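The values are calculated or read from the model by the stated rules, or taken from the named source; none is laboratory data. Bear in mind that the values here come from a model prediction, so they are computed numbers and not experimental data. So basically every Cβ, Gly included, is an ideal-geometry build from the backbone, and we count neighbours across all protein chains shown.
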Amino acid sequence: MSTRGRGGKFNKAKRGGGKHFSRDLQPLDKDGTPLGMWRDPTDKTKEEDESSEEESSEEESDDGDLGPSAKGGAGQELSREQRKEQARLKKQAAIAKKSKKVAEARAVTSPSAEEPKKPSGGENLSRREREALQAQQARERYQKLHAEGKTDEARADLARLKLIREQREAAAARKQAEKEEQEARQAENKERLEKEAKKRQAALGSGPTKAKKGAKN
């Protein structure tokens, strides 16, 4: 038997082959760390035991937020990154809920501090209230300008008052002139009557004197 043929027989490539099973049956935790032979593989790690009270109290609500896909795969082994992401989301949700509770407690203890102040400029007024406020402000501005004589109505009123004043002054002057004229006529008539009376008296006085002179002759 030649060694060449035997060597060729052993060097021939094999196809297929039997199945190989791993003999390493040591259990691993969810991070891939080997556990003891007598340790329960389902024990919680220290990282889960050190989680905050908020995370543990909100586990049920957070599990409800993960959706049906996450619930369906709860029994499957997750990767390390996925577990970290879930823990981070749970922590954020717990912090947000705690902050919300603190804000609600502050609002209950001091409601006046949280109540916003209404601006004095009428920014939160209704449309009807805003229109009424604008109309009032417009009236106030118009009254101010009217008092200063800067509006058309004020100028018209001033012109009308000036005309009335001039008319009254003219009427008073006319009455005064008529009064003076009447007084002058009365004085003239009085003087004329006095002159006529004197003439009549003079005429009556001269008549008896002439009669006496004629008797003597």
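Before moving on, here are some points about what is shown:
- Neighbours by Cβ (under 8 Å, 6+ apart or cross-chain): first from the range 122-142, assigned to a helix (DSSP H, G or I); second surrounded by 10 or more Cβ atoms within 10 Å (Cβ to Cβ): Glu129/Gly122; Arg130/Gly122; Leu133/Gly122; Leu133/Leu125; Tyr142/Thr151
- When Gly73, Gly67 are checked against the criterion of being on the phi > 0 side of the Ramachandran plot and modelled with pLDDT under 90, a single residue qualifies: Gly67.
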